[in-house]
Every structure is written in C-alpha cells, then in structure tokens.
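Remarks on the structure that follows.
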Amino acid sequence: MRNRNRLLGAIGALLLTLPASAFAQGSSLSAFSPYTFYGLGDFSVQGPAFLRSMGGIGVAYANGRRMNYLNPASYSAVNPRSVLFNVGGEMYNIYAKTADSKTSYNTFNVRDVSMQIPLAKRLGFGFSMTPLSDVGYRVKMTEMDPFMLANVGNIVYDYEGEGNTTQFKFGLGWSPFKRFSFGADVIYYHGVITRNFNTIISPMIEEKPQRSMLGTQRETYSQAGVTLGIQYDFILNDNRSFTFGATFRPRVNLRPETTRTIVAKDVFIDTVDYKISRSDYYLPSTFTAGLYYQTRKVGMGLDYTFEKWKGINQSDLIDGIRYRNNNFIKVGMQFTPNAQDVRRYFNRCTYRVGFRYNSYYMNINDHNIDDKAITLGFGFPIRQGLSCINVGFDFGQRGMTASGIYTVPPSEPGGLTSQRAYQMVRERYFRVSVELTLFGEDYWFLKQKYQ
C-alpha cells in the first residue's frame, strides 16, 4: 500500500508542476491550463459580450433591444415585431508562470450564437448556444522520488487532455403584469473530453527491457437541466428603471459515459484494461441575485452568485484536490453620451467597465485559487440603426507561484502517508471578445419597395 500511495502521489504531482517542456505555443486546444486537469475544466464566463464587458453582470438586465440569456425572465422584454440575433468570437491569451518557468498560449474560438423573438405581447422566446467549459493541457514530468527511482527505475509521465462542454438553452419569458416577469430555460449539456497518458519506465538494471503504459479516457456528457428566473422593477418610467433579478439552477447529475483503455507495452503489446462505465459528476445548484439601475445615459449593476460545489463530487485527496463552494461578485456600468445624436458618432457609442471575482471551485494543495479580472468594453452602433458591434476586453489573474511539500493522506484507514513537492501556477490572461448584435427592426430586415 505504501508503494501505491507513493506512485499515485507522484502522478498527482504533475497537475501543477510545469517544467518548460510542458508548454506548446500553438495547437487546436480551445483552452490551455493545468487547472483544466480535473472535472469539466475551465468554466466560461457567461453572458453576451456587452455584459461580460461589465464584469459579467446581467441577471437583472432587461432590454427589448439587447439579448440577455443570463435570465430567461428577460425574454419577455423583446420588442414586438422584432428579432434579436447575436454571434460572437473570443481570443484568449494566457501567460502562465511557476517558480521555475513561464510560457504563453493563444486560442481563438467562435463563442456565442443566440436569438430572441416575441411570441405574443409580453411573451418572448430565447435560444442560445454557448460554451460551458473547456479542457486543454499538456504536461511532461520526470519522477524525482528517490523511493520510486530505487525500486522502479526512471519514470517519465506524459499527460494530455482536450475537449469542451456546450450548453444549448431554449426558454420562455413572460410578464403577466407590469413590473414583474418570470421565465424558464431548458438546458441541454453536451460535451466530449479526451484524456491521454503515457508512462515510460526505464529500469536501472540494463538487462530489463523498457516498459510503457498507454492510456486513453474518453468522457461523453449528455444531459438536460433547467434554469428558473424572475425580474421585478422597483422603478419603471420613461427616464429610469431599477430592477431586481434572480435565477436558480438546480443540481444536475451529468452522468458521463467513460470509455477507458490501458495498454501495457513491453516486448509484446497487450491490452491490460478496456472498460465502459458511467459515473456521477454533478453540476452544483447555483443561485444568482442582482440589481440593475438604468437612466437614459447610465446603467450600473451588481450580481452575486453562489455555487454549492462542496460535498457533491468526491474530492481527490491524493492529488490534493478538494471541491469548495464558489462565490462570484460582479460589478459593472455603461455610459452612452447621447444615443440620439445623429451628428457625432462617438456620442452614440457605449462605453463599459466592470470587475469580477470568484473564489474558484477547487482548493489545490491546500491553496485557494482566486480568479479576478478587470473588464472594459465598447459598443459601436451600425449606421443609424440599433444594431451594433460590441468589443470587450478582460485583464485577469488566477492562482499563485507558491511551492512547498504536500502531505498525501492514506488511501485507507491505517495506511501510510507520503509527501511530494509541488509548484503552483499563476496565470495572467487577456481576452478579446467581438460580437455582432442585429436588431430586427433595422433596415436590412425590412422588405424593400421599388417604384
């Protein structure tokens, strides 16, 4: 049991131990971070680009000219005889650093496709296809434990993973009376994540052949969930509004199907293990509440989100992973000098700023991984219409460059503990979001008439 503890502890050390050879500068990966090693990986900041530019607020935002899929209650605000359509992309630059190395990585992906249409007075339908999470990592590690070197030999670990999970939302929002609306989204989650590992063992005794173990694990997610939302206007008139919004997503068991193949390579190649199974993996229950205040020129809001991760998925203490409840705080504002100014284009533009913080849903090697970012954005109207191009920027940081010794607890009562060295990763990132918002009453939706 002691040998097993040390071997597993050594494998777990690779999660946040990143030598320079671990990094690549270009690839098809949609994310690149050692923090994506577990679970569903990096969870995307939700919301259309113009709301992400305000820190990610939006649960209390409702506007008949802008799509907001953060709260299905907002679908009821869509203007009659109009269609809202959004499509956007995102460029992601990440700069990672440990005590020993640093690197950078770039990706670009189409991010959001969403649409909102009226069905009747104060009744709207919304659809969106957005990313939920991404996985992308490539890590190479050489075993340094004297016990393993003496008893097994030189060991090199290669780990790679990639994939993503997408959410499709179909929802209705209805306002049964003035100032109050509610709605519901049916959400379909779909994703495929592939994880590969290769362990190469070179025995100290030359007569013994080199051995390797190759493994592939493919996880397929396919499950449905729901989100419920409400909005209430404390103030609502032609000059200003003050709105409260809230959403609740119950816990969802994604029940991934896992296909796992392990092949041992020596003189001959033999399949050691092939298994298809299902296991429990939960998305937590999530509650969000927020406020949004709007005048003709200024809008500002505050959102708070609580995700109950603790206790729903099994922690991996051997690798130093503990799930913890996640708290989000988001604040932001926007300013439009004069939306009706037909002479000065930049007076019709919208300028946005925000801040967000989340405590992250994992504790790694007894360290909390805080994620915080400053956001900026601009809305550029197209001609004299209400359609626009939104551009947003995120400047953020996650993690730290700490290092130390982690004590691996025994895998069973009465077992032995072991220790391993680790290095934490500090990630600084820069995101650029570009989104086209088409408003259905603008000139290109109108049928042309010729005399």
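Mind listing just one residue for me: the one in segment 74-128 that is over 24 Å from Arg398 (Cβ atoms) and aromatic (Phe, Trp, Tyr) and, of those, least open to solvent (accessible area, probe 1.4 Å)? The extreme case among them is Tyr75. State yes or no: is Arg398 within 30 Å of Ala49 (Cα to Cα) and modelled with pLDDT of 85 or more? Yes.
Here is a yes/no grid of residues against (1) assigned to a strand (DSSP E or B); (2) at pLDDT 95 or above; (3) not aliphatic (A, V, I, L, M):
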{"site": "Gln217", "(1), (2), (3)": "yes, no, yes"}
{"site": "Ala224", "(1), (2), (3)": "yes, yes, no"}
{"site": "Thr227", "(1), (2), (3)": "yes, yes, yes"}
{"site": "Gln231", "(1), (2), (3)": "yes, yes, yes"}
{"site": "Phe248", "(1), (2), (3)": "yes, yes, yes"}
{"site": "Val263", "(1), (2), (3)": "yes, no, no"}
{"site": "Asp273", "(1), (2), (3)": "yes, no, yes"}
{"site": "Ile276", "(1), (2), (3)": "yes, no, no"}
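State all residues of segment 303-326 that are part of a loop (DSSP other than H, G, I, E, B) and without any contact (Cβ under 8 Å) to a residue 24 or more places away in the chain; if no residue qualifies, say none. Result: Lys310, Gly311, Gln314, Ser315. Looking only at residues that are polar (S, T, N, Q) and touching a helix residue (DSSP H, G or I) at 6+ places or on another chain (Cβ under 9 Å) in segment 306-352, which one is modelled with the lowest pLDDT? Only one residue fits best here, namely Gln340. Tyr35 fulfils the conditions (1) farther than 28 Å from Ile369 by Cα; (2) open to solvent by less than 10 Å² (accessible area, probe 1.4 Å); (3) touching a Lys or Arg at 6+ places or on another chain (Cβ under 8 Å) except for a single criterion, (1). Please determine whether any residue of segment 155-164 is within 18 Å of Val252 (Cα to Cα), modelled with pLDDT under 95 and touching a strand residue (DSSP E or B) at 6+ places or on another chain (Cβ under 9 Å). Taking every residue of segment 155-164 in turn, at least one turns out to be within 18 Å of Val252 (Cα to Cα), modelled with pLDDT under 95 and touching a strand residue (DSSP E or B) at 6+ places or on another chain (Cβ under 9 Å). Could you tell me whether segment 233-242 includes any residue that is among the aliphatic types (A, V, I, L, M) and crowded, with 19+ Cβ neighbours inside 10 Å? Looking through segment 233-242, none of the residues is among the aliphatic types (A, V, I, L, M) and crowded, with 19+ Cβ neighbours inside 10 Å.
When segment 340-375 is filtered for residues that are in a loop (DSSP other than H, G, I, E, B) and open to solvent by less than 60 Å² (accessible area, probe 1.4 Å), the ones remaining, listed by number, are Asp341, Cys349, Ser359, Tyr360, Tyr361, Asn365, Ile369, Asp370.
The values are calculated or read from the model by the stated rules, or taken from the named source; none is laboratory data. Here the structure is a predicted model, which is why all the values come from computation and not from measurement. FYI the Cβ positions are ideal-geometry reconstructions off the backbone, even for glycines, and counts take in every protein chain you see. To get the accessible areas, we keep the full protein, side chains included, count just its heavy atoms, and leave off ligands, DNA and RNA. Shrake-Rupley method; radii C 1.70, N 1.55, O 1.52, S 1.80 Å.
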